[in-house]
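The values are calculated or read from the model by the stated rules, or taken from the named source; none is laboratory data. The structure displayed is predicted, hence computed values, not measured ones. Positions of Cβ are backbone-derived with ideal geometry, glycine not excepted, and every protein chain shown enters the neighbour counts.
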Amino acid sequence: MKVFRRHMGSLSAPVLLVFLLTLLPLPALGEEPSAMSVEGYPTNLGLAHQMAMEVSAQVLADLQGFLPGQRVALREGLEAAGNPVMRISMAEVLRQAGYQPVDPGAEAAAILEYKILDLRIIYTGVDRRALGLRAEVERLGNCVVAARVVDPETGVDLGVTQREVLVSDHFPKDKLELINSRTYAFTSPELEERDWSKTLEPWVVGGLVVSLAWLFYSNQDSGD
């Protein structure tokens with residue numbers, strides 16, 4: 001800092017600004033953005049949260065009868081990229097049901113352990129609607145979670161379940177950059193354009209067959 005004071009007078013304004021900006025804390029890479037939707041369409045991160053909330057509600061419905069008290073410790077049973085999403089969802093569902101979620105190791109009546117077996121979002125193609133005037137991306141989301149209630153003293157399983165949520169929707173292709181979320185790899189999938197030649201091929205072949213059949217019978221009629 002002494003060196004900075006000695007030479008501050010000789011630094012130009014742009015150089016000084018760049019230097020000061022380097023001292024500011026930058027947001028961590030992969031920090032979760034606040035936007036969960038864009039013009040009424042869920043972002044990929046928003047869709048992941050929706051699936052996690054639905055799965056969490058199903059898990060709690062299955063295991064609620066095995067929870068002996070209000071304090072529930074949430075524990076990740078498997079390392080997965082979507083664990084932060086699932087933990088937020090599990091904690092929110094528990095709070096809504098009147099439970100108090102706590103960190104692993106804290107005093108609790110039971111441990112609710114969850115494992116993300118699958119959490120992915122993919123683009124299945126691009127569909128053109130209204131005679132090709134608007135292109136829409138077809139999207140598919142899947143979330144599979146296994147969970148169990150564990151006695152914190154004995155480690156014995158009190159109840160187990162597995163739940164899955166599958167969703168599909170579409171959104172305008174021109175919103176793709178806004179829908180994509182760079183928070184996790186699974187919230188920023190690649191879009192592969194559909195090969196329309198393969199889609200049209202059956203129609204073309206069918207049209208040729210019909211045309212040839214019409215010509216054949218026309219020639220038969222003219223020969224008679």
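The table below gives the values:
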| quantity | calculated |
| --- | --- |
| Matching entry among Arg134, Arg139 (being of a type in the set (Lys, Arg), under 16 Å from the mean Cα position of the chain (by Cα) and within 19 Å of Glu39 (Cα to Cα)) | Arg139 |
| All positions within region 84-98 that are crowded, with 21+ Cβ neighbours inside 10 Å and either free of Cβ contacts under 8 Å to residues at least 24 places away in the same chain or not in a helix (DSSP H, G or I) (or both) | none |
| Residues located in region 124-151, provided they are surrounded by 18 or more Cβ atoms within 10 Å (Cβ to Cβ), at pLDDT 95 or above and not β-branched (Val, Ile, Thr) | Arg139, Gly141, Cys143, Ala147, Arg148 |
| Selection from region 128-158 of residues that are of a type outside the set (Val, Ile, Thr), assigned to a strand (DSSP E or B) and either in contact (Cβ under 8 Å) with a residue 60 or more places away in the chain or farther than 15 Å from Pro172 by Cα (or both) | Arg139, Gly141, Asn142, Cys143, Ala146, Ala147, Arg148, Asp157, Leu158 |
| Matching entry among Leu208, Leu166, Leu178, Leu200 (being surrounded by 14 or more Cβ atoms within 10 Å (Cβ to Cβ) and either modelled with pLDDT of 50 or more or not in a loop (DSSP other than H, G, I, E, B) (or both)) | Leu178 |
| Residues located in region 47-83, provided they are out of contact with any Asp or Glu (no Cβ under 7 Å at 6 or more places or on another chain), in a loop (DSSP other than H, G, I, E, B), among the small types (Gly, Ala, Ser) and in contact (Cβ under 8 Å) with a residue 60 or more places away in the chain | Ala81, Gly82 |
| The listed residue being under 14 Å from the mean Cα position of the chain (by Cα) and modelled with pLDDT of 95 or more, out of Leu94, Leu45, Leu67, Leu60 | Leu45 |
